[in-house]
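Here the structure comes first, spelled out in C-alpha cells, and everything after it is commentary.
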C-alpha cells in the first residue's frame, strides 16, 4: 500500500494484489483510490522490465473500461469511477466522503516493471503539483 498527497487535502491510495503469492508471474491487480472532490483522470503508461525501458502506451488489453488511447502514442487516459463497494463507505465527522477508484488488471506473465502515471482533474489541472509523476514499481511489491 502506498499513499500519495494530491493537494487540497486529497490523497491517492495505491494497492497491488498478486493473485498467487507463490508465483511471481501470476496476475496482478493495481487499484488506485482517491478522495479528491473533483472528477479525476488517470493519465498513464507502462514501463517494461529492462534497464533502459521508457514510458510506453499500454496495450489495449490492459485498459480498464472507458479508457482512451491518446493520439500522441505514449499514454492512455482512464476516468476514475465512483466507488460503491462497502469498503468505500467512509465517514469523517458524520459526513460521507465520496471515493473514486480505478483498477488495472495485469495478466499472468505481464512482464511489466511499472505503471507510470499523472493524476489530473477532468478540467486538466494536474494533482500533486510538487510531485506530479508517480509510479507503481511492481518489483518493489513482489521482489
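What follows is calculated from the coordinates using simple rules that are stated; it is not laboratory data. Everything numeric here is computed off the predicted structure, so don't read it as measured data. Counting neighbours? That spans all protein chains shown, and the Cβs are built from the backbone with ideal geometry, glycine included.
Considering only 46, 92, 119, give the residue with the highest GNM mean-square fluctuation for the chain, with springs between Cα atoms whenever their separation is below 10 Å. Per the Cα network of the chain with a 10 Å cutoff, 92 tops the list. For mean projected area of the Cα convex hull in nm², the value calculated from this model appears in (i) 8.7; (ii) 15.2; (iii) 9.4 under label (iii).
Summarising the label geometry, the points placed 7 Å from Cα in the beta-carbon direction at residue 71 and residue 27 lie 3.5 nm from one another. Counting every other Cβ atom within 10 Å of each residue's Cβ, 40, 1 order from fewest to most as 1, 40. So if I take the centroid of the Cα atoms in the stretch 97-119 and the same for the stretch 1-74, what is the distance between those two points in Å? The stretch 97-119 and the stretch 1-74 have Cα centres spaced 3 Å from each other.
Within the listed set 109, 82, 45, the Gaussian network model of the chain (springs between alpha-carbon atoms below 10 Å) gives the highest mean-square fluctuation for 109.
For the chain, calculate the relative contact order in percent as a whole number, restricting contacts to Cα pairs under 8 Å that are 6 or more residues apart.
27 percent
With a Förster radius of 35 Å, plug the Cβ-Cβ distance of residue 95 and residue 56 into 1/(1 + (r/R0)^6) and report the FRET value to the nearest 0.05. E between residue 95 and residue 56, to the nearest 0.05, is 0.30. Which of 20, 35, 85 ends up with the largest GNM mean-square fluctuation for the chain, with Cα atoms connected below 10 Å? In the Gaussian network model the winner is 85. Going from the residue with the fewest nearby Cβ atoms within 10 Å to the one with the most, 9, 51, 56 rank 51, 9, 56.
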